[in-house]
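Below you'll find the structure, written out as structure tokens, and then a few comments.
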Amino acid sequence: MPPHLQTRQYPQMAPYAKKPGAYSLVISSSKSHIKPGDTASLRIFISGYGFIRQPKLRIQPPSEFFVEKESNILFDLGPEDGGSIVTWGKTCEPLLEDGITISLVGGITKQGWEEPTFIIDEGNANIIFTEFSTKGKAPIELNLKTRDSVRPGTHTATFVLTYYNGRDWVVQHNTYSFQILSWYERNQVPVWVSGIVVTLILFLITLVADHHGIFTHSATHCMTSSR
């Protein structure tokens, strides 16, 4: 357990921590435009504050988009090498075409807490651990190995975060879209260069043809004059 939590009576102790909570997913990717066969990766953070119990996350990936046996989801919080330093990515689960629902009840616990939780104070302010990465790992990470045959265009994943905020059950929706590049988009530079080369060749052919035509016309004119 992180040292600053060892003396904490509750996971969250900033002002209004016991008021009904409000949370949202923050989803990012190093690249949203990808080629067939590449791996599409997403980093998911949870931002907000306040009372939260029994959170879960439903993930519905795009259909006919990825290779199941080469795709996964990393989540959960746990100690690194049995020490006091905790990191994300403790659990790795395969990602299926039908999607996956993961429980976000887990992570850190101590005597007196109602349940294990990831939603813990990072310091003394109302800033929580799920808003940060640890050693380059986000709280939740998706790795989708795209199919070689995936069609070009937009492919959208859906995320549904559900939790009890002390007063109501809250359901929060997010989407994230990947853009699969077409053959032309993947080969714009070679196509552009090829177009320039073809244009130059046609220009040279036209220039030579025009020159030959002028020479023939002049010779004919001289022969006519000599008569």
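The values are calculated or read from the model by the stated rules, or taken from the named source; none is laboratory data. Only a predicted model underlies this, so the values are computations on that prediction, with no experimental measurement involved. Neighbour counts are summed over all protein chains in view; Cβ atoms, including those assigned to glycine, are modelled from backbone coordinates with ideal geometry. Areas reflect the complete protein model, heavy atoms only, side chains present, ligands, DNA and RNA absent. Shrake-Rupley method; radii C 1.70, N 1.55, O 1.52, S 1.80 Å.
Only residues that are farther than 21 Å from LEU144 by Cβ and either free of Cβ contacts under 8 Å to residues at least 60 places away in the same chain or open to solvent by 30 Å² or more (accessible area, probe 1.4 Å) (or both) were counted in region 50-67, giving 3. List the number of the failed condition for LYS69; all other conditions in (1) in a helix (DSSP H, G or I); (2) among the charged types (D, E, K, R); (3) within 15 Å of the chain's Cα centre (by Cα) hold. All conditions are met except number (3).
Table: residues versus (1) touching a Ser or Thr at 6+ places or on another chain (Cβ under 8 Å); (2) over 22 Å from VAL26 (Cα atoms); (3) in a loop (DSSP other than H, G, I, E, B).
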| position | (1), (2), (3) |
| --- | --- |
| LEU74 | yes, no, no |
| TRP88 | yes, no, no |
| THR101 | no, no, no |
| VAL105 | yes, no, yes |
| LYS110 | no, yes, yes |
| TRP113 | no, yes, yes |
| GLY123 | no, no, yes |
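Go through SER47, SER32 for me and flag whichever is over 17 Å from TYR163 (Cβ atoms) and open to solvent by less than 60 Å² (accessible area, probe 1.4 Å).
Working: SER47 fails: over 17 Å from TYR163 (Cβ atoms).
Selected residue: SER32, the only one of SER47, SER32 that is over 17 Å from TYR163 (Cβ atoms) and open to solvent by less than 60 Å² (accessible area, probe 1.4 Å).
Taking the numbered list (1) charged (D, E, K, R); (2) surrounded by fewer than 12 Cβ atoms within 10 Å (Cβ to Cβ); (3) over 24 Å from ASP38 (Cβ atoms) in turn, LYS90 passes all entries but (2). Please tell me if ILE85 is under 24 Å from TYR23 (Cβ atoms) and not charged (D, E, K, R). Taking the combined requirement at face value, the residue does not satisfy it.
Suppose we filter region 80-121 for residues that are touching a residue at least 60 places away in the same chain (Cβ under 8 Å) and within 24 Å of SER41 (Cα to Cα); how many remain? Outline the logic, then answer.
In the first step, residues of region 80-121 are kept if they are touching a residue at least 60 places away in the same chain (Cβ under 8 Å); the result is 84-86, 108, 110, 112-115, 117-121.
If we keep only those that are within 24 Å of SER41 (Cα to Cα) as well, we get 86, 118-119.
Of the residues in region 80-121, 3 are touching a residue at least 60 places away in the same chain (Cβ under 8 Å) and within 24 Å of SER41 (Cα to Cα).
Within region 93-111, take every residue that is open to solvent by less than 60 Å² (accessible area, probe 1.4 Å) and aliphatic (A, V, I, L, M) and give me the one that is modelled with the lowest pLDDT. Steps first, please.
Of region 93-111, the ones open to solvent by less than 60 Å² (accessible area, probe 1.4 Å) are 95, 97, 99-100, 102, 104-108, 110.
When the remaining residues are screened for being aliphatic (A, V, I, L, M), the result is 95, 100, 102, 104-105, 108.
Numbers: LEU95: 94, ILE100: 96, ILE102: 96, LEU104: 94, VAL105: 92, ILE108: 83.
Per the stated criteria, the residue is ILE108.
Selection of region 160-178 for residues being over 12 Å from the mean Cα position of the chain (by Cα) and part of a strand (DSSP E or B) yields VAL160, LEU161, THR162, TYR163, TYR164, TRP169, VAL170, VAL171, GLN172, HIS173, ASN174.
Within region 140-152, residues that are in contact (Cβ under 8 Å) with a residue 40 or more places away in the chain sit with their Cβ atoms under 6 Å from residues that are part of a strand (DSSP E or B) and open to solvent by 10 Å² or more (accessible area, probe 1.4 Å), at 6+ positions apart or across chains, in these pairs: ILE140/PHE75; GLU141/ARG43; GLU141/LEU74; ASN143/THR39; ASN143/SER41; ASN143/ASN72; LYS145/THR39. Is one or more of the residues making up region 2-16 within 18 Å of SER177 (Cβ to Cβ) and either surrounded by fewer than 14 Cβ atoms within 10 Å (Cβ to Cβ) or not polar (S, T, N, Q) (or both)? Within region 2-16, not a single residue is within 18 Å of SER177 (Cβ to Cβ) and either surrounded by fewer than 14 Cβ atoms within 10 Å (Cβ to Cβ) or not polar (S, T, N, Q) (or both). Can you find a residue in region 3-15 that is modelled with pLDDT under 90 and hydroxyl-bearing (Ser, Thr, Tyr)? There is at least one residue in region 3-15 that is modelled with pLDDT under 90 and hydroxyl-bearing (Ser, Thr, Tyr).
On inspection, ILE127 fails the criterion of being closer than 21 Å to ARG53 by Cα and crowded, with 16+ Cβ neighbours inside 10 Å.
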